[in-house]
Structure formats: structure tokens, C-alpha cells
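So the structure is just underneath, and the comments pick up after that.
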Amino acid sequence: MHVLAISTVSDSDRFWGGLKKAYGRLPVGATWVLALASSDGTRAVNVIRHDSIGAVREFLDGYAGAAAVTEYLEADAANAVGLVA
């Protein structure tokens, strides 16, 4: 499944610094599809392919959780545009 991680960022440097560290340490079987920020740095969307929303939450929050409030959702891949399954 594709997991959407939609974040409201309170500390942009800490958040993106944490995600850059996390990128090289993905859990086995996970693929980071997209990491994107708003131009003002207060919002972020990450898409990670993995078999567990909970595992993605635990992973991302471990690296950047203190710098943002993040909502985790399963993507509706059947209605996505441009998402590679």
C-alpha cells in the first residue's frame, strides 16, 4: 500500500533534517515515493510504499515527529494519477 504522511511543520530545519537522515534508513520492504514541501515550509506530504501505516508512522515520527504534527492515511491508489503501483 501507499501511505500518505501529511505534516504540519513547526520546525522546518529539524523536520527536513530528520527526514534526510531517515531516507537512508528505510525499513526493509519500504520505498520512499515522494517528499514534497509547501513553499513556506509549513506543510509537507510524503508518500511511502509499505505494508503497514503503523510502521511508517513509527519510522517517520522517530526521525521528525517532534518537529511536526503528521496525519497518516492509506492512499486510494485506484484513483491516483501518476502513482506507480
Rounded to the nearest 10, the angle in degrees between the Cα long axis of helix 12-23 and the longest principal axis of the Cα atoms of the chain comes to 40
Connecting every pair of Cα atoms under 10 Å apart in the chain and solving the GNM, the largest mean-square fluctuation among GLY18, GLY41, GLY29 falls on GLY29
Per residue, what accessible area does the chain have, given a 1.4 Å probe and all protein chains present, in Å²?
-> 61
Trypsin sites (Lys or Arg not before Pro) restricted to DSSP loop in the chain with at most 14 other C-beta within 10 Å | ARG25
Place a +1 charge on the Cβ of each Lys and Arg in the chain and a -1 charge on the Cβ of each Asp and Glu, then give the dipole magnitude about the Cα centre in debye, rounded to the nearest 20.
-> 280
Can you send over the carbon and sulfur percentage of the accessible area for the chain, probe radius 1.4 Å, protein chains only?
-> 53
Amide H neighbours of ALA75 under 5 Å, at least 5 residues apart or on other chains, H built in the peptide plane: list them.
-> HIS2, VAL3, LEU4
Degrees, to the nearest 10: 53-64 long Cα axis against longest axis of the chain = 20
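The values are calculated or read from the model by the stated rules, or taken from the named source; none is laboratory data. Predicted model, so just to flag it, every value in this text is computed and none were measured. Methodologically, a virtual Cβ is constructed for each residue, glycine included, from the backbone with ideal geometry; neighbour enumeration extends over all protein chains shown. Heavy atoms of the whole protein, side chains included, go into the accessibility calculation; ligands, DNA and RNA do not. Shrake-Rupley method; radii C 1.70, N 1.55, O 1.52, S 1.80 Å.
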